[in-house]
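Taking it in order: structure first as structure tokens, then the write-up.
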Amino acid sequence: MAISVQTRDIDRDVLAACRRQLGRNFVTLLCEGSRAHGDDLPDSDYDGLCYVRDPARARVDLRALRKKYGLRIGVGIKPVSQLLGCVSSRRGLASCPNRNHLTAMKLGRARLVGGRDLLRLLPPLSRLQPPDWKREAQLDYWLAILPVPCNVYRRESRRHVGFIIAICDSLLLAKRVVVQKKDLPAALRRHHPKFHAVGLLRRALRRRAVWPQLEHDRRTQREARTDLDKFLAELRRYAFRRDGTDMTPAQARAIYRSYANKVA
């Protein structure tokens, strides 16, 4: 699917802001999420990822652009040394804190906007993909409910809807399957037939398509929260083996702390 004119305009303005505010610290700007591969709606968030040489000195203020476009526009800052350390050797990849993220990038969930083309450095999928996708899903489950900043219940209702879509997309990425959002239910049914969440996914996609109309509807927000509860219960049933090998909350916290420290 082609990238929209709106997204190209935002690309241009966000890249200019990053280059201007970061100067020589700037390395690369990537676009992620639905705007990375042309699956966005006019009100979709713009999710950027900016790699820099020194994250301690990196600050990007996008308030003017958020006002200009009337959208959520965010750019995460990451040290380029982290990515280079992950892709430079098999040992580095084995200890990479965001290996699943690199897999998603390799499968087209990230698009180069400007700067150095770091996507070309990613190793083959056979090396990138984690050996145990269920363990990755277990980590997603724990980080969604533990008292950490990415706890999904602490976020607005729009994110409750987006979480269901994102996790289903992640489960398909683990099978090396990349589809447009409209095709997610059929792909999920085909590649994860024992994951009984297709109905919840369909409702999340319908809400996403008209969310500006529903944003202040308390009944819709309650229903979205109820669907999130059901989805997490199904994710736990599907991803956990209950044979003594499952990830514990303590292990998930340790992984999160390790990731947070490496980013910092």
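FYI, it's all coordinate maths here, none of it is from the lab. This one's a predicted model, so the numbers in the text were calculated from it and none came from an experiment. Please note: Cβ atoms are built from the backbone with ideal geometry, for glycine as well, and neighbour counts cover all protein chains shown.
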Item to check | Computed FRET value (nearest 0.05) for K182 with R24, which takes r as the C-beta separation and R₀ as 51 Å | outcome: 0.75
Next on the checklist: Treating only the Cβ of Lys, Arg, Asp and Glu as charged (+1, +1, -1, -1), what charge dipole size does the chain show about its Cα centre? Round to the nearest 20 debye.
Outcome noted: 240 debye
Next on the checklist: Sort E32, E215 by Cβ crowding within 10 Å, fewest neighbours at the top.
Outcome noted: E215, E32
Checklist entry - Could you give the distance between the Cα centres of segment 111-135 and segment 1-66, to the whole Å? => result 19 Å
Checklist entry - GNM, the chain, Cα, under 10 Å: largest mean-square fluctuation among S157, S88, S126? => result S126
Item to check | Extreme residue, positive dipole direction of the chain, given options V52, C168, V113 (C-beta unit charges) | outcome: V52
Next on the checklist: Can you compute the modelled spin-label distance between R257 and A209, with each label point 7 Å from Cα toward Cβ, in nm?
Outcome noted: 4.5 nm
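Let me spell out the model: positive unit charges on the Cβ of Lys and Arg, negative unit charges on the Cβ of Asp and Glu, origin at the Cα centre of segment 133-263. What dipole size does that give, in debye rounded to 20?
Roughly 160 debye for segment 133-263.
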Item to check | Ordering of 166-174, 178-186, 11-19 by burial proxy (mean other Cβ atoms within 10 Å per residue, highest first) | outcome: 166-174, 11-19, 178-186
Checklist outcome for this item: Expressed as a whole-number percentage, the relative contact order of the chain with C-alpha contacts under 8 angstrom and at least six residues apart is 17 percent
Checklist entry - Normalised by the number of residues in segment 100-248, what is the relative contact order in percent for Cα pairs under 8 Å and 6+ residues apart? => result 27 percent
Item to check | Euclidean distance between Cα centres, segment 166-181 to segment 197-263, Å | outcome: 15 Å
Item to check | Nitroxide proxy distance, nm - points 7 Å out along Cα→Cβ at E234 and D43 | outcome: 2.4 nm
Item to check | Projected label distance in nm at R120 and D217, using a 7 Å step from Cα toward the beta-carbon | outcome: 4.8 nm
Checklist outcome for this item: Applying the gyration tensor rule to the Cα atoms of the chain (axes a ≥ b ≥ c; rounded if a/c under 1.5, else prolate if a/b exceeds b/c, else oblate), the class is oblate
Checklist entry - At a Förster distance of 25 Å, what's the computed FRET efficiency of I145 paired with A94, Cβ-Cβ distance as r, to 0.05? => result 0.35
Item to check | Top positive-direction residue, dipole computed over the chain with Cβ charges, set I77, Q6, C96 | outcome: C96
Checklist entry - When the helices in the chain are scored as -39500 (n - 2.57) per DSSP H run of 4 or longer and the sum is shared across all residues, what 222 nm value do you end up with, to the nearest 500 deg cm²/dmol? => result -16000 deg cm²/dmol
